[in-house]
Amino acid sequence: MGDGPAVDFAAIVHGLRLAVFVFHRTRVVYQNDAAVRLHARLKKEYQADLIVMLRDHLLRIREIDSAAAPPAVTLLTDARGEPLYVHVLPFGSGSDSDIAVSVRELGIEREAFARRYGLSPREAEVAELVLRGYPNPVIASTLGIAPTTTKRHLTRIFDKIGVDSRTQLVSRLA
């Protein structure tokens, strides 16, 4: 690869905030710290086992077309319907190759898009719930605010982000 300094890719992957799992067949052979934290949080909050969900997901992908490589990005929902974006990347050769799986939660992005668009903490919470598909009444009750306050937050969010609808907001932030 050249004469530059050696790069420790294992250390880079291990330190990512993105959850990364590596499967050999259906057995997990590696998970970084973010993956361990996500697995533990989903188990504690929702009694959902992320590794079982991912195994089932990988098996479904293989059933669809065992000869083809799995799709690069899929959407998986956890026990409460919150979206988890799953990136699947086979590596190695042959049918017995390992599969790297990264799992991105929508909530992790909240601080990033709040900073980028100058959203207040409450506006960022409202935007995140819109991204998760919650209607205004549910957002209001979830956050303990009035429905009119939810609408006011959405108007400010739309103005700051430069969109006119929930659909445009989801397209811009997802």
Report task. Work out the FRET efficiency for Thr26 and Thr167 from their Cβ-Cβ distance, taking R0 = 45 Å, and round it to the nearest 0.05. Result -> 0.75
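Around Ser120, with a cut-off of 13 angstrom between Cβ atoms, what is the net charge of the other residues, counting Lys and Arg +1 and Asp and Glu -1? Don't skip to the end; give the middle numbers.
Details: positive: Arg110, Arg115, Arg122, Arg152, Arg156, Lys160; negative: Glu111, Glu123, Glu125, Glu128, Asp159.
Summing Lys and Arg as +1 and Asp and Glu as -1 gives +1.
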Query raised in the report: What spacing in nm lies between the two simple spin-label points modelled at Val138 and Arg41, each 7 Å away from Cα in the Cβ direction?
Result: 2.0
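None of the figures in this text is laboratory data; all of them are computed from the coordinates on show. Just so we're clear, the structure is a prediction, and the values are computed from it rather than from any experiment. Counting neighbours? That spans all protein chains shown, and the Cβs are built from the backbone with ideal geometry, glycine included.
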